[in-house]
Each structure stands twice: as C-alpha cells, then as structure tokens.
C-alpha cells in the first residue's frame, strides 16, 4: 500500500484547498422591475431578458 514518504507541508496542503470554498452569487437588479436576479437569467418577477418579454408572468 502506498504511504507518503514526507509530511505534506501546510502551504502545499492549503494551496490544494484554495478552491474548496463557498462563494457569494452575483446579484444584479432587473432594469425593468428593479428586483434582484442572477445575471444572464430571465427575471422571474417580470419575465424580461435583454429588454424583451420572454416569459408570461401570472399575477396572483
């Protein structure tokens, strides 16, 4: 069975773990209704994307 010959240093271990983290999603405001939405996504509150109506939003 393979066993490490040397102890992995803290720097090498932490460099490997730099990508293991949570990140905050980017939030933008919809230019039509000013609701928070993810970029490059259709606004779920008004149905607009890139200045065009792409979804029919039911009121109620």
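Every read-out reported here was derived from the displayed coordinates using simple, explicitly stated rules and does not represent laboratory data. None of the values given here were measured: they were computed from a predicted structure. We place every Cβ from the backbone using ideal geometry, glycine too, and count neighbours over all the protein chains shown.
Within 10 Å of each residue's Cβ, count the other Cβ atoms and sort 45, 9 from fewest upward. Going from sparsest to densest Cβ surroundings: 9, 45. If I compute semi-axes √(5λ) of the Cα gyration tensor in Å from the structure I just sent, which labelled value in (1) 18, 14, 11; (2) 48, 12, 9; (3) 21, 14, 12 lines up? So the calculated entry is the one marked (2). Label-to-label distance for residue 15 and residue 28 is 3.6 nm, based on points extended 7 Å past Cα in the beta-carbon direction. Packing around the peptides 31-42, 15-26, taken as the average count of other Cβ atoms within 10 Å per residue, puts them in this order, highest first: 31-42, 15-26. Computed over the chain, the per-residue total of -39500 (n - 2.57) for DSSP H runs of n ≥ 4 gives a 222 nm mean residue ellipticity of -3000 deg cm²/dmol, rounded to 500.
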